[in-house]
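The values are calculated or read from the model by the stated rules, or taken from the named source; none is laboratory data. Please read all numbers here as calculations on a predicted model, not as lab measurements. As a convention, Cβ positions derive from the backbone with ideal geometry for all residues, glycine included, and neighbour counts pool all protein chains shown.
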Amino acid sequence: MDIGDVRKGSKLLINGIPYNIDEADFMKPGKGRAIYRLKLRNLLDDSTLDYTYHSGEKVEEAHISNYEMQYLYNDGEHYVFMNTENFEQLFLNEEKIGDKKYFLKEGALVTVMMMGEKPLGITIPTFVELKIAESATTTRTDTITTQTKSAVLETGYNIGVPPFVKEGDIIKIDTRTGTYVERVSTKK
Amino acid sequence: MIEDETQRLIRIKPNLEQRALIYEFTRAFFREWGFFEIETPTRVPAVAPEAQIVPFESENWFLSTSPELYMKRLLATGYDRLFQISRCFRKGERGRWHNPEFAMLEWYRTGADYMQMVQDTEEMVLTIASRLGIGSIISYRNQKIDLTPPWPKITVHDAFLRAAGWNPFTELDPLRFDIDLVSKVIPGFALDRPTVLHDYPAAMASLARLKPDKPIVSERAEIFIGGLELANAYTELRDAKEQEKRFQLEIEQIEREQHRKIAMPQQFLQAVAHLPACSGIALGMDRLVMLFCNADSIDEVVAFTIDTA
């Protein structure tokens, strides 16, 4: 596509990497060439980059689509998702999931970003609820001296929780920071 | 939340009211000075061939990119002291300071040079400011700008050496020129005063004449206020052969780089041969309104842009 057709929100493929256009500044001396100053966000790792183009330059558009999918299970090798519209299954390896694997629970709805047939990555909800699998029992002295204790979630993730949280409790986690938000329910 | 049309038009109404006043005061200013207002066609058979200005096509004709050619055809037959506020159209120009359709104010006078046009602009802008009750200091994007004339002037030569570290008269590189102009030279201008950038390299003369005693320099000046390119002035070129040669180069570049066919404006060239010594200037009305409304974007001073039309 022509650089002149690029807008905020357009997706470009540069050196094989897909970018979102976060900002597009159009500048043009009255009699001169149009200059396009773009703020690009790498869709794979979220890093940002500034780039200047001028009129007449061609850029490659990245055809990015997002699909709502449900996480089904891990078959030992892949994370298996199902497209909630056409029920097709998608197999992603661990590399595409990264640390988000610690916040994925079977049945959870996620957004999968695809470039053509190629999955690029997933977006998980900001808050998830997961069960505490292991947590040290708190002694009386611990309660007085520490604000948090360590616990292990059902997904294997280590997290700091308040002393009153017990094994079997369900807690809410902020997936952006990987930290405890609140206790949702407690095991009777 | 996305603003709907009603909310948007209510929000920008004070700017549109200010806009109406600015038009009124502009017309009054020129009338009082003995200029008369003229209208020329919006849909035209030929535009000035300029590689970086792309016209919209209209049934084999074009939408006007500037009224300049018609204004000069009038001057060539003896008209003097003309002004016009017209709708102009330039394809692909869209951004914070651009809408593909915009309002251009042009005025011309005989027996004057480009610096006279700068002086006219100083007086006009100051007069409008005072009639709006603003005075000589405007506040634009958190910056006070003192409009008291004379406005500081810097040559293209000095501005490029200072801000970009190279001399565009010895190194001919139009692409680097444009990039450095917007990314280094203009951002380097004093924030609290207008700046007049003048004496462009001959290759960027466009429709301006070259200095008789120094033909590598063209008599062209651009006025910047608050980082906005407000106006472009020329001592007009009267050499029809030279004008045709420049247009021919542009036409060739347009065909080579953009595969567009564009006609030579023959009737205009005939008029150039009869042009009296004169000068002219084109000023972006939307941007003038932006300055007086402290508006960040052209969208704040236009009721319907290409995106809301």
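Things worth noting here:
- Where strands (runs of 3 or more DSSP E) fall entirely within region B:13-110, those with at least 2 residues that are surrounded by 15 or more Cβ atoms within 10 Å (Cβ to Cβ), of a type outside the set (A, V, I, L, M) and within 14 Å of chain A (Cβ to nearest Cβ) are at B:101-110.
- Some residue of region A:16-34 being at pLDDT 90 or above, basic (Lys, Arg) and within 20 Å of A:Leu120 (Cβ to Cβ): no
- Filter pass, A:Tyr51 being within 14 Å of chain B (Cβ to nearest Cβ), surrounded by 13 or more Cβ atoms within 10 Å (Cβ to Cβ), free of Cβ contacts under 8 Å to residues at least 40 places away in the same chain and in contact with a strand residue (DSSP E or B) (Cβ under 6 Å, 6 or more places away or on another chain): yes
- Residue pairs meeting the criteria (Cβ under 7 Å; at least 6 apart or on separate chains; first among the β-branched types (Val, Ile, Thr), in region B:192-212; second in a helix (DSSP H, G or I)): B:Val196/B:Val118
- Verdict on A:Asn158 being within 29 Å of A:Asp46 (Cα to Cα), out of contact with any Leu (no Cβ under 9 Å at 6 or more places or on another chain), of a type outside the set (A, V, I, L, M, F, W, C) and assigned by TED's automatic domain parsing to the domain that holds A:Thr177: yes
- Yes/no for B:Phe169 being farther than 30 Å from B:Ser136 by Cβ and under 20 Å from the mean Cα position of the chain (by Cα): no
Let's see how each residue does on (1) modelled with pLDDT of 95 or more; (2) of a type in the set (S, T, N, Q); (3) within 30 Å of A:Gly4 (Cβ to Cβ):
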residue	(1), (2), (3)
B:Lys211	yes, no, no
B:Ala231	yes, no, yes
B:Thr235	yes, yes, no
B:Glu250	yes, no, yes
B:His259	no, no, yes
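- Residue count, region A:14-48 (criterion: free of Cβ contacts under 8 Å to residues at least 60 places away in the same chain and more than 11 Å from chain B (Cβ to nearest Cβ)): 17
- Each residue in region B:230-249 was checked for being touching a Lys or Arg at 6+ places or on another chain (Cβ under 8 Å) and in contact (Cβ under 8 Å) with a residue 60 or more places away in the chain, and 5 pass.
- Among the residues of region B:211-247, the ones that are closer than 19 Å to B:Val272 by Cα, buried (at least 20 other Cβ atoms within 10 Å of the Cβ) and of a type in the set (A, V, I, L, M) come to 2 in all.
- Candidates A:Thr84, A:Thr175: the one that is closer than 30 Å to A:Asn20 by Cα, under 21 Å from the mean Cα position of the chain (by Cα) and either buried (at least 16 other Cβ atoms within 10 Å of the Cβ) or assigned by TED's automatic domain parsing to the domain that holds A:Lys11 (or both) is A:Thr175.
For (1) touching a strand residue (DSSP E or B) at 6+ places or on another chain (Cβ under 6 Å); (2) in a loop (DSSP other than H, G, I, E, B); (3) facing another protein chain (nearest Cβ under 10 Å), each residue gets a yes or a no:
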residue: B:Trp166; (1), (2), (3): no, yes, no
residue: B:Leu172; (1), (2), (3): no, yes, no
residue: B:Asp178; (1), (2), (3): no, no, yes
residue: B:Leu181; (1), (2), (3): no, no, yes
residue: B:Val185; (1), (2), (3): no, no, yes
residue: B:Ala190; (1), (2), (3): no, yes, no
residue: B:Asp199; (1), (2), (3): yes, no, no
residue: B:Glu219; (1), (2), (3): yes, no, no
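- The single condition from (1) without any contact (Cβ under 8 Å) to a residue 40 or more places away in the chain; (2) within 14 Å of chain A (Cβ to nearest Cβ); (3) surrounded by fewer than 16 Cβ atoms within 10 Å (Cβ to Cβ) that B:Glu252 fails is (2).
- Unmet criterion (only one of (1) modelled with pLDDT of 90 or more; (2) more than 14 Å from every other protein chain (Cβ to nearest Cβ); (3) exposed (fewer than 14 other Cβ atoms within 10 Å of the Cβ)) for A:Lys58: (2)
- Members of region B:221-239 found to be part of a strand (DSSP E or B) and among the basic types (Lys, Arg), listed by number: none
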